[in-house]
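Computed from the coordinates by the stated procedures, all read-outs in this text should not be read as laboratory data. This is a predicted model, so every value here is computed, not measured. So basically every Cβ, Gly included, is an ideal-geometry build from the backbone, and we count neighbours across all protein chains shown.
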Amino acid sequence: MKTLKPEKTKSLEIGTEWRMWNNRLNVDLTYYKTNTTNQFFKVAASHASLNKQYAINAGNIQNQGIEALVSLDAIKNDNFTWNTSVNFTYNKNKIIELADAVPEFNLTGEGRNNFASKLEVGGSFGDIYGQDFVRDNQGRIIISADGIPQKNNVYTKLGNSNPIWQMGWNNSFNYKNFNLSFLIDGKFNYDVMSVTQSLLDGYGVSKVTGDARANGGVIVNGVTPDGKAVTKVDAEQWYTSTAGMGPVSSQYIYDGTVVRLRELTFGYDFNIKDSFFKKLRVNAVGRNLFYISKKAPFDPEVTMSTGNALSGVDIFMMPATRNYGLTLNATF
């Protein structure tokens, strides 16, 4: 019986900080690299064991990236100020090593939704695995003689649910007693999967299926086993074969890139003389007000889990919400 060891992290961080123009321009830049070893994992036991799982220390998981912040007092006078700042983060995750006897294992098994989250040497945390079509050597989908697209039962890597880079742009304006600020942020270069969309398509109740029926079928780049090109498949045949509970997973992987107005604040400062309060500020605040750009059919931040096993997966989650509020700040 082996004793589990504590997890260890080795890190390297190098940074620089610049201040210029009487501190009106500030630049912070950091490079980091961390390697985490002896991580705790549960893996499937052999059929000869009385236990379904056993715990191990495994892995050398590496994260390296860059964090940057640039802030500028663009305008600064007695009546009006404008401060603008941009922050940027880039992170690349890589699984350097697992256990000697376990080169890969599933965090989420190959279930009926045709989705799996795996850890594999050379891969990354958040890798999404699923099924794709059977294709010929030209990449064309194999369509059977009765018009059914053929699904490959082998699970392959389809994407990763962790953003490679993120960016935010914050602005703050002050004019006499009025203040206005807003934050636009975005997450880029990652993938998400929608089981919701798959099930809606399978039942034929989504807009996509309605459009396909109106257009006389689904446009495809396919070929029959005897080499005849196929350019269109009946909508019902297509979606009953590729959607539903056990879909062709690759058809429901979406670019998770999203840019949104994260927060908007408008306020007023009341200067109260001969009072218990020195200043009162009232702000109207709105959060998650609208998308500037979104490619997935759902909000990529509203997923089954923020953990690795089901991150980036939408299974009939609650829709994203806008928030409005008022705040009162008092200075004594």
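Quick rundown of the values:
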quantity	calculated
Dipole in debye (nearest 20) - segment 103-331, about Cα centre, beta carbon charges: Lys, Arg +1; Asp, Glu -1	1020 debye
Residue pairs, from the table LYS92/LYS207; LYS76/LYS294; LYS94/LYS151; LYS10/LYS94; LYS228/LYS295; LYS8/LYS42, whose Cα atoms sit over 25 Å apart	LYS92/LYS207; LYS76/LYS294; LYS94/LYS151; LYS228/LYS295
13 Å beta-carbon shell around GLY204, net charge (K/R +1, D/E -1)	-2
Extension gain, GLU120 back to PHE332 (0.36 nm per residue minus Cα-Cα distance, nm)	70.6 nm
FRET E, pair ILE164, PHE277, Förster distance 56 Å, beta-carbon r, rounded to 0.05	0.75
Inter-probe distance in nm under a simple model that places probes 7 Å from Cα toward Cβ, at ASN171 and GLN64	3.7 nm
DSSP-defined antiparallel bridges as percent of all bridges, the chain, nearest 5	95 percent
Zone residues, segment 131-163, relative to GLU110, backbone N less than 19 Å from point 7 Å out along Cα-to-Cβ	131-135, 150-160
Computed label-point distance, nm, for sites VAL259 and ALA284 using a 7 Å Cα→Cβ extension	2.7 nm
Inter-label distance, nm, simple model (7 Å from Cα along the C-beta direction), SER293/LEU25	2.6 nm
Residues TRP18, TRP82 arranged by fewest to most Cβ contacts within 10 Å	TRP18, TRP82
Proximal aspartates and glutamates relative to LYS33, as straight alpha-carbon distance under 14 Å, when same-chain residues fewer than 8 apart are discounted	GLU13, GLU67
Kirkwood hydrodynamic radius (C-alpha pairs) into Stokes-Einstein, segment 6-97, 25 °C and 0.890 mPa s, D in µm²/s	144 µm²/s
Cross-link partners of LYS279 among lysines (Cα-Cα below 21 Å; sequence separation of 8 or more within a chain)	LYS176
Cβ-defined net charge surrounding ASN38, 10 Å radius [Lys, Arg +1; Asp, Glu -1]	+1
